[in-house]
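*Asks:* For reference, the structure I am asking about is given below.
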Amino acid sequence: MSNSAGRTYRVVQWTTGNVSRQAVRAILDRPDLELVGVYAFSKDKVGTDVGELAGLDTAVGVVATDDIDAIVALEPDCVLYMPLHPDIDHLAQLLEAGINVLTTASFLTGRAYGEEARTRLDAAAHTGGGSLCGSAVNPGFADYLAAVASGVSRHVDYVRVIESFDIGMWAGDANQDELGWGRPAGDPGHPADIERATAPFGDAVEALAELLGAAVDTIRCEVEFAHATTDLSVPNRTVPAGTGAGIDAKWFGAKDGQDRIEVDVRWAITPNLDPAWEIAMAYLIEVRGHPQVNLRAEVLPQDFESMSLEEMLAIGSVITAMPVVNAIPAVVAARPGIVTYADL
(Lines give C-alpha, C1' and ligand atoms only; values in the text may rest on other atoms or scores of the structure.)
Protein backbone atom coordinates (compact mmCIF):
# COMPACT_ATOMS: atom_id res chain seq x y z
CA MET A 1 0.00 0.00 0.00
CA SER A 2 1.44 3.37 -0.97
CA ASN A 3 2.09 6.03 1.62
CA SER A 4 -0.37 8.94 1.80
CA ALA A 5 1.10 12.09 0.29
CA GLY A 6 3.09 13.96 2.90
CA ARG A 7 2.19 11.59 5.72
CA THR A 8 4.76 11.10 8.46
CA TYR A 9 4.30 8.17 10.86
CA ARG A 10 5.20 8.61 14.50
CA VAL A 11 7.08 5.46 15.61
CA VAL A 12 8.14 4.07 18.98
CA GLN A 13 10.88 1.44 19.11
CA TRP A 14 10.28 -1.21 21.81
CA THR A 15 13.61 -2.61 23.11
CA THR A 16 17.08 -1.93 21.74
CA GLY A 17 18.56 -5.37 20.98
CA ASN A 18 20.21 -6.48 17.75
CA VAL A 19 17.08 -6.42 15.60
CA SER A 20 15.81 -3.21 17.19
CA ARG A 21 19.08 -1.39 16.48
CA GLN A 22 18.67 -2.14 12.79
CA ALA A 23 15.06 -0.94 12.92
CA VAL A 24 16.19 2.33 14.50
CA ARG A 25 18.71 2.92 11.72
CA ALA A 26 16.02 2.27 9.11
CA ILE A 27 13.52 4.62 10.78
CA LEU A 28 16.07 7.42 10.94
CA ASP A 29 16.89 6.94 7.24
CA ARG A 30 13.29 7.42 6.10
CA PRO A 31 11.63 10.81 5.66
CA ASP A 32 8.15 9.33 6.20
CA LEU A 33 9.02 7.92 9.65
CA GLU A 34 9.70 9.88 12.84
CA LEU A 35 11.19 8.16 15.88
CA VAL A 36 9.37 9.68 18.86
CA GLY A 37 10.12 7.22 21.66
CA VAL A 38 12.08 4.18 22.79
CA TYR A 39 11.17 1.59 25.41
CA ALA A 40 13.93 -0.29 27.26
CA PHE A 41 13.62 -3.08 29.82
CA SER A 42 16.99 -2.51 31.43
CA LYS A 43 17.18 0.18 34.11
CA ASP A 44 20.72 1.03 33.04
CA LYS A 45 19.44 2.04 29.57
CA VAL A 46 16.72 4.38 30.84
CA GLY A 47 17.60 8.01 30.09
CA THR A 48 20.18 7.05 27.46
CA ASP A 49 19.93 8.51 23.97
CA VAL A 50 18.88 5.94 21.38
CA GLY A 51 21.83 6.98 19.23
CA GLU A 52 24.14 5.51 21.85
CA LEU A 53 21.96 2.43 22.35
CA ALA A 54 21.86 1.77 18.60
CA GLY A 55 25.62 2.22 18.18
CA LEU A 56 25.32 5.39 16.13
CA ASP A 57 27.96 8.11 15.94
CA THR A 58 25.59 10.91 16.94
CA ALA A 59 22.82 11.56 19.44
CA VAL A 60 19.26 11.35 18.13
CA GLY A 61 17.51 13.40 20.80
CA VAL A 62 15.22 10.55 21.90
CA VAL A 63 15.99 8.85 25.23
CA ALA A 64 14.87 5.45 26.42
CA THR A 65 12.18 4.97 29.07
CA ASP A 66 10.67 2.00 30.90
CA ASP A 67 7.41 3.88 31.58
CA ILE A 68 4.66 2.39 29.40
CA ASP A 69 2.26 5.20 30.26
CA ALA A 70 4.82 7.66 28.94
CA ILE A 71 4.99 5.67 25.68
CA VAL A 72 1.20 5.73 25.35
CA ALA A 73 1.15 9.47 26.07
CA LEU A 74 3.31 10.07 23.00
CA GLU A 75 0.31 9.01 20.87
CA PRO A 76 2.46 7.23 18.29
CA ASP A 77 0.98 5.81 15.11
CA CYS A 78 2.70 2.53 15.88
CA VAL A 79 5.08 0.65 18.13
CA LEU A 80 7.74 -1.64 16.67
CA TYR A 81 7.61 -4.36 19.32
CA MET A 82 10.83 -6.41 19.20
CA PRO A 83 11.67 -8.16 22.48
CA LEU A 84 13.00 -11.72 22.42
CA HIS A 85 9.90 -12.91 24.28
CA PRO A 86 6.51 -11.18 24.25
CA ASP A 87 4.57 -9.82 27.22
CA ILE A 88 0.84 -10.19 26.53
CA ASP A 89 -0.09 -7.57 29.14
CA HIS A 90 2.17 -4.99 27.48
CA LEU A 91 0.82 -5.78 24.03
CA ALA A 92 -2.78 -5.56 25.22
CA GLN A 93 -2.13 -2.21 26.92
CA LEU A 94 -0.69 -0.72 23.74
CA LEU A 95 -3.49 -2.04 21.56
CA GLU A 96 -6.25 -0.92 23.92
CA ALA A 97 -4.73 2.56 23.79
CA GLY A 98 -5.34 2.62 20.04
CA ILE A 99 -1.70 2.13 19.04
CA ASN A 100 -0.90 -0.07 16.04
CA VAL A 101 1.72 -2.71 16.87
CA LEU A 102 4.13 -4.35 14.44
CA THR A 103 6.20 -7.16 15.95
CA THR A 104 8.99 -9.62 15.29
CA ALA A 105 8.34 -11.43 18.59
CA SER A 106 7.33 -14.85 17.19
CA PHE A 107 3.97 -13.60 15.93
CA LEU A 108 2.13 -13.96 12.63
CA THR A 109 -1.39 -15.08 13.51
CA GLY A 110 -1.06 -15.52 17.27
CA ARG A 111 -1.39 -19.31 17.12
CA ALA A 112 1.98 -19.79 18.84
CA TYR A 113 0.84 -17.60 21.76
CA GLY A 114 -2.13 -19.88 22.51
CA GLU A 115 -5.81 -19.28 21.90
CA GLU A 116 -6.42 -17.38 25.14
CA ALA A 117 -3.71 -14.85 24.35
CA ARG A 118 -4.70 -14.60 20.70
CA THR A 119 -8.33 -13.88 21.58
CA ARG A 120 -7.31 -11.30 24.16
CA LEU A 121 -4.99 -9.46 21.76
CA ASP A 122 -7.52 -9.43 18.94
CA ALA A 123 -10.15 -8.04 21.33
CA ALA A 124 -7.72 -5.40 22.62
CA ALA A 125 -6.97 -4.29 19.08
CA HIS A 126 -10.67 -3.99 18.26
CA THR A 127 -11.26 -2.05 21.47
CA GLY A 128 -8.57 0.48 20.62
CA GLY A 129 -9.22 0.48 16.88
CA GLY A 130 -5.65 -0.45 15.99
CA SER A 131 -3.95 -3.36 14.26
CA LEU A 132 -1.51 -6.04 15.40
CA CYS A 133 0.76 -7.45 12.70
CA GLY A 134 3.79 -9.70 12.91
CA SER A 135 6.49 -10.65 10.45
CA ALA A 136 10.21 -11.18 9.91
CA VAL A 137 12.06 -12.64 6.98
CA ASN A 138 10.87 -16.14 7.95
CA PRO A 139 8.34 -16.92 9.11
CA GLY A 140 6.65 -13.99 7.45
CA PHE A 141 8.16 -12.50 4.32
CA ALA A 142 9.18 -15.86 2.81
CA ASP A 143 5.56 -17.04 3.06
CA TYR A 144 4.42 -13.86 1.33
CA LEU A 145 6.89 -14.63 -1.49
CA ALA A 146 5.37 -18.11 -1.83
CA ALA A 147 1.90 -16.63 -2.19
CA VAL A 148 3.15 -14.18 -4.82
CA ALA A 149 4.81 -17.04 -6.71
CA SER A 150 1.50 -18.90 -6.84
CA GLY A 151 -0.01 -16.05 -8.85
CA VAL A 152 1.06 -17.56 -12.19
CA SER A 153 -0.52 -20.95 -11.49
CA ARG A 154 -4.01 -21.89 -12.68
CA HIS A 155 -4.36 -24.27 -9.75
CA VAL A 156 -2.15 -25.10 -6.78
CA ASP A 157 -2.00 -28.50 -5.09
CA TYR A 158 0.82 -28.05 -2.57
CA VAL A 159 3.10 -25.26 -1.36
CA ARG A 160 6.39 -25.81 0.43
CA VAL A 161 8.62 -23.14 1.97
CA ILE A 162 12.04 -24.28 3.17
CA GLU A 163 14.53 -22.29 5.22
CA SER A 164 17.88 -24.08 4.92
CA PHE A 165 20.88 -22.44 6.59
CA ASP A 166 24.09 -23.11 8.47
CA ILE A 167 23.60 -20.79 11.43
CA GLY A 168 26.80 -21.67 13.23
CA MET A 169 27.86 -17.99 13.43
CA TRP A 170 24.78 -17.24 15.53
CA ALA A 171 24.69 -20.44 17.60
CA GLY A 172 26.06 -18.74 20.70
CA ASP A 173 23.25 -16.16 20.87
CA ALA A 174 20.76 -16.33 23.73
CA ASN A 175 17.89 -16.81 21.27
CA GLN A 176 19.44 -20.18 20.36
CA ASP A 177 19.27 -21.57 23.90
CA GLU A 178 15.95 -23.35 23.41
CA LEU A 179 17.18 -25.24 20.33
CA GLY A 180 19.38 -27.49 22.41
CA TRP A 181 22.58 -27.60 20.40
CA GLY A 182 24.81 -30.29 21.90
CA ARG A 183 22.01 -32.33 23.48
CA PRO A 184 22.57 -36.10 23.43
CA ALA A 185 21.28 -38.09 20.48
CA GLY A 186 17.93 -39.66 21.27
CA ASP A 187 17.13 -37.24 24.10
CA PRO A 188 13.39 -38.01 24.53
CA GLY A 189 12.37 -34.44 25.36
CA HIS A 190 14.20 -32.77 22.48
CA PRO A 191 11.55 -33.09 19.73
CA ALA A 192 8.89 -31.51 21.95
CA ASP A 193 11.26 -28.66 22.82
CA ILE A 194 11.92 -28.01 19.13
CA GLU A 195 8.21 -28.02 18.39
CA ARG A 196 7.71 -25.35 21.04
CA ALA A 197 10.72 -23.35 19.85
CA THR A 198 9.55 -23.36 16.23
CA ALA A 199 5.83 -22.85 16.98
CA PRO A 200 5.76 -19.57 14.97
CA PHE A 201 6.23 -21.71 11.86
CA GLY A 202 2.82 -23.17 12.69
CA ASP A 203 1.61 -19.56 12.46
CA ALA A 204 3.25 -19.46 9.03
CA VAL A 205 1.21 -22.45 7.86
CA GLU A 206 -1.95 -20.71 9.03
CA ALA A 207 -0.98 -17.38 7.43
CA LEU A 208 0.05 -19.02 4.16
CA ALA A 209 -3.24 -20.92 4.01
CA GLU A 210 -5.05 -17.60 4.38
CA LEU A 211 -2.96 -16.01 1.63
CA LEU A 212 -3.64 -18.91 -0.73
CA GLY A 213 -7.30 -19.33 0.15
CA ALA A 214 -6.46 -22.93 1.04
CA ALA A 215 -8.32 -24.06 4.13
CA VAL A 216 -6.51 -26.39 6.55
CA ASP A 217 -8.13 -28.15 9.49
CA THR A 218 -5.03 -29.57 11.21
CA ILE A 219 -1.49 -28.32 11.75
CA ARG A 220 1.26 -30.66 12.97
CA CYS A 221 5.03 -30.71 13.42
CA GLU A 222 7.56 -33.45 12.65
CA VAL A 223 11.15 -33.12 13.91
CA GLU A 224 14.38 -34.79 12.77
CA PHE A 225 17.95 -34.35 14.03
CA ALA A 226 21.46 -34.69 12.66
CA HIS A 227 24.54 -35.01 14.86
CA ALA A 228 28.05 -33.63 14.82
CA THR A 229 30.71 -35.98 13.49
CA THR A 230 33.46 -34.12 15.39
CA ASP A 231 33.68 -31.98 18.52
CA LEU A 232 32.63 -28.44 17.62
CA SER A 233 34.07 -25.12 18.73
CA VAL A 234 30.95 -23.01 19.28
CA PRO A 235 30.96 -19.85 21.44
CA ASN A 236 29.00 -20.37 24.67
CA ARG A 237 28.09 -23.94 23.70
CA THR A 238 29.46 -27.42 24.33
CA VAL A 239 28.79 -29.57 21.26
CA PRO A 240 30.70 -32.87 21.38
CA ALA A 241 30.75 -35.37 18.54
CA GLY A 242 27.53 -37.38 18.39
CA THR A 243 25.31 -34.63 19.84
CA GLY A 244 22.71 -32.42 18.20
CA ALA A 245 24.08 -30.10 15.52
CA GLY A 246 21.27 -30.16 12.96
CA ILE A 247 17.52 -29.59 13.33
CA ASP A 248 14.82 -30.15 10.72
CA ALA A 249 11.35 -29.08 11.88
CA LYS A 250 8.59 -29.60 9.33
CA TRP A 251 5.22 -27.93 9.92
CA PHE A 252 2.33 -29.28 7.85
CA GLY A 253 -1.14 -27.94 7.20
CA ALA A 254 -3.67 -30.57 6.11
CA LYS A 255 -7.29 -30.63 4.99
CA ASP A 256 -9.31 -33.82 5.39
CA GLY A 257 -6.09 -35.74 6.06
CA GLN A 258 -4.32 -34.45 2.93
CA ASP A 259 -1.23 -32.30 3.38
CA ARG A 260 -1.51 -29.04 1.45
CA ILE A 261 1.09 -26.70 2.95
CA GLU A 262 4.55 -27.36 4.37
CA VAL A 263 6.85 -24.93 6.15
CA ASP A 264 10.21 -26.56 6.75
CA VAL A 265 13.06 -25.07 8.77
CA ARG A 266 16.41 -26.86 8.46
CA TRP A 267 19.20 -25.42 10.59
CA ALA A 268 22.72 -26.72 11.09
CA ILE A 269 25.73 -25.37 12.98
CA THR A 270 28.33 -27.40 11.07
CA PRO A 271 28.61 -29.00 7.62
CA ASN A 272 29.90 -32.19 9.26
CA LEU A 273 26.67 -33.98 10.10
CA ASP A 274 25.41 -37.53 10.45
CA PRO A 275 23.28 -38.07 8.48
CA ALA A 276 24.75 -35.74 5.88
CA TRP A 277 22.29 -32.99 5.01
CA GLU A 278 22.31 -30.63 2.07
CA ILE A 279 22.19 -27.06 3.39
CA ALA A 280 21.10 -24.68 0.65
CA MET A 281 21.92 -21.38 2.40
CA ALA A 282 18.71 -20.03 0.92
CA TYR A 283 14.94 -19.91 1.16
CA LEU A 284 13.49 -22.48 -1.23
CA ILE A 285 9.89 -22.18 -2.38
CA GLU A 286 7.95 -24.85 -4.29
CA VAL A 287 4.50 -24.18 -5.69
CA ARG A 288 3.25 -27.51 -7.02
CA GLY A 289 0.40 -27.00 -9.46
CA HIS A 290 -0.22 -25.97 -13.03
CA PRO A 291 2.38 -24.80 -13.73
CA GLN A 292 4.87 -25.60 -10.96
CA VAL A 293 6.94 -22.67 -9.72
CA ASN A 294 10.28 -22.97 -7.91
CA LEU A 295 12.04 -20.02 -6.31
CA ARG A 296 15.40 -19.74 -4.59
CA ALA A 297 15.82 -16.60 -2.48
CA GLU A 298 19.33 -15.81 -1.23
CA VAL A 299 20.18 -12.94 1.10
CA LEU A 300 23.71 -11.76 0.39
CA PRO A 301 25.84 -8.79 1.41
CA GLN A 302 26.72 -6.26 -1.27
CA ASP A 303 30.44 -6.73 -0.75
CA PHE A 304 31.86 -9.69 1.17
CA GLU A 305 35.43 -8.41 1.09
CA SER A 306 34.81 -5.03 2.72
CA MET A 307 32.50 -6.25 5.49
CA SER A 308 33.57 -7.02 9.02
CA LEU A 309 32.33 -10.10 10.86
CA GLU A 310 30.08 -7.84 12.94
CA GLU A 311 28.53 -6.38 9.78
CA MET A 312 28.03 -9.87 8.38
CA LEU A 313 26.27 -11.00 11.53
CA ALA A 314 24.07 -7.90 11.44
CA ILE A 315 22.51 -8.94 8.13
CA GLY A 316 20.31 -11.44 9.95
CA SER A 317 18.98 -8.61 12.12
CA VAL A 318 18.42 -6.35 9.10
CA ILE A 319 16.27 -8.89 7.27
CA THR A 320 14.34 -9.62 10.46
CA ALA A 321 13.55 -5.95 11.09
CA MET A 322 12.87 -4.63 7.61
CA PRO A 323 9.68 -6.55 6.70
CA VAL A 324 8.11 -4.93 9.76
CA VAL A 325 9.53 -1.44 9.19
CA ASN A 326 8.46 -1.47 5.55
CA ALA A 327 4.93 -2.57 6.49
CA ILE A 328 4.26 0.45 8.75
CA PRO A 329 2.08 2.45 6.30
CA ALA A 330 0.00 -0.61 5.37
CA VAL A 331 -0.54 -1.69 8.97
CA VAL A 332 -1.51 1.81 10.13
CA ALA A 333 -4.11 1.85 7.33
CA ALA A 334 -5.36 -1.70 8.00
CA ARG A 335 -8.57 -2.79 9.68
CA PRO A 336 -8.61 -3.23 13.49
CA GLY A 337 -7.58 -6.57 14.98
CA ILE A 338 -4.89 -9.13 14.17
CA VAL A 339 -3.87 -8.65 10.55
CA THR A 340 -1.56 -10.61 8.25
CA TYR A 341 -0.13 -10.20 4.77
CA ALA A 342 -3.52 -11.31 3.43
CA ASP A 343 -4.98 -8.09 4.87
CA LEU A 344 -2.10 -5.87 3.72
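*Asks:* Based on this model, can you work out whether ALA64 counts as crowded, with 20+ Cβ neighbours inside 10 Å, touching a helix residue (DSSP H, G or I) at 6+ places or on another chain (Cβ under 8 Å), of a type in the set (A, V, I, L, M) and closer than 23 Å to THR320 by Cβ?
*Replies:* Numbers: crowded, with 20+ Cβ neighbours inside 10 Å: yes; touching a helix residue (DSSP H, G or I) at 6+ places or on another chain (Cβ under 8 Å): yes; of a type in the set (A, V, I, L, M): yes; closer than 23 Å to THR320 by Cβ: yes.
Here the answer is yes, as ALA64 does meet what is asked.
*Asks:* Which of the residues spanning region 91-105 are under 27 Å from SER317 (Cβ atoms), open to solvent by 20 Å² or more (accessible area, probe 1.4 Å) and without any contact (Cβ under 8 Å) to a residue 60 or more places away in the chain?
*Replies:* Within region 91-105, GLN93 is the sole residue that qualifies.
*Asks:* Also, I was wondering about something else. Any chance region 106-118 includes a residue that's under 24 Å from THR8 (Cα atoms), outside any strand (DSSP E or B) and open to solvent by 30 Å² or more (accessible area, probe 1.4 Å)?
*Replies:* No, every residue in region 106-118 fails to be under 24 Å from THR8 (Cα atoms), outside any strand (DSSP E or B) and open to solvent by 30 Å² or more (accessible area, probe 1.4 Å).
*Asks:* Might you let me know whether region 127-138 holds any residue that is open to solvent by 30 Å² or more (accessible area, probe 1.4 Å) and at pLDDT below 95?
*Replies:* no
*Asks:* Here is a list: HIS155, HIS227, HIS190. Which entry is over 18 Å from PRO139 (Cβ atoms) and either open to solvent by 60 Å² or more (accessible area, probe 1.4 Å) or of a type in the set (A, V, I, L, M) (or both)? First the steps, then the outcome.
*Replies:* Details: HIS227 fails: either open to solvent by 60 Å² or more (accessible area, probe 1.4 Å) or of a type in the set (A, V, I, L, M) (or both); HIS190 fails: either open to solvent by 60 Å² or more (accessible area, probe 1.4 Å) or of a type in the set (A, V, I, L, M) (or both).
Sole residue among the options that is over 18 Å from PRO139 (Cβ atoms) and either open to solvent by 60 Å² or more (accessible area, probe 1.4 Å) or of a type in the set (A, V, I, L, M) (or both): HIS155.
*Asks:* Return the residues of region 263-284 that are assigned to a strand (DSSP E or B) and open to solvent by 10 Å² or more (accessible area, probe 1.4 Å); say none if nothing qualifies. Before you say what the answer is, go through the steps one by one.
*Replies:* Of region 263-284, the ones assigned to a strand (DSSP E or B) are 263-268, 273-274, 282-284.
Those that are assigned to a strand (DSSP E or B) and open to solvent by 10 Å² or more (accessible area, probe 1.4 Å): ARG266, TRP267, LEU273, ASP274, TYR283, LEU284.
*Asks:* Give region 17-31 a look and list any residue that's open to solvent by 80 Å² or more (accessible area, probe 1.4 Å), over 14 Å from MET82 (Cα atoms) and either of a type in the set (Lys, Arg) or part of a helix (DSSP H, G or I) (or both), or say none.
*Replies:* So the first thing to find is which residues in region 17-31 are open to solvent by 80 Å² or more (accessible area, probe 1.4 Å), and the list is 18, 25, 29, 31.
Imposing the further condition that a residue be over 14 Å from MET82 (Cα atoms) reduces the set to 25, 29, 31.
Selection gives ARG25, ASP29.
*Asks:* Give me the pairs, please: first residue somewhere in region 52-68 and under 9 Å from VAL24 (Cβ atoms), second residue anywhere and open to solvent by 80 Å² or more (accessible area, probe 1.4 Å), beta-carbon distance under 8 Å, and either six or more positions apart or on two chains.
*Replies:* ALA54/ARG25; LEU56/ARG25
*Asks:* Specify which of the listed residues (GLU278, GLU310) is more than 20 Å from LEU208 (Cβ to Cβ) and either in contact (Cβ under 8 Å) with a residue 24 or more places away in the chain or touching a Pro at 6+ places or on another chain (Cβ under 7 Å) (or both). Can you show your working first?
*Replies:* Numbers: GLU310 fails: either in contact (Cβ under 8 Å) with a residue 24 or more places away in the chain or touching a Pro at 6+ places or on another chain (Cβ under 7 Å) (or both).
Only one candidate qualifies: GLU278.
The values are calculated or read from the model by the stated rules, or taken from the named source; none is laboratory data. If you're wondering where the values come from, they're calculated on a predicted model, not measured in any experiment. Don't worry about glycine lacking a Cβ; one is built from the backbone with ideal geometry, like all the others, and counts go over all protein chains shown. All accessible areas refer to the heavy atoms of the entire protein, side chains included, with ligands and DNA or RNA removed. Shrake-Rupley method; radii C 1.70, N 1.55, O 1.52, S 1.80 Å.
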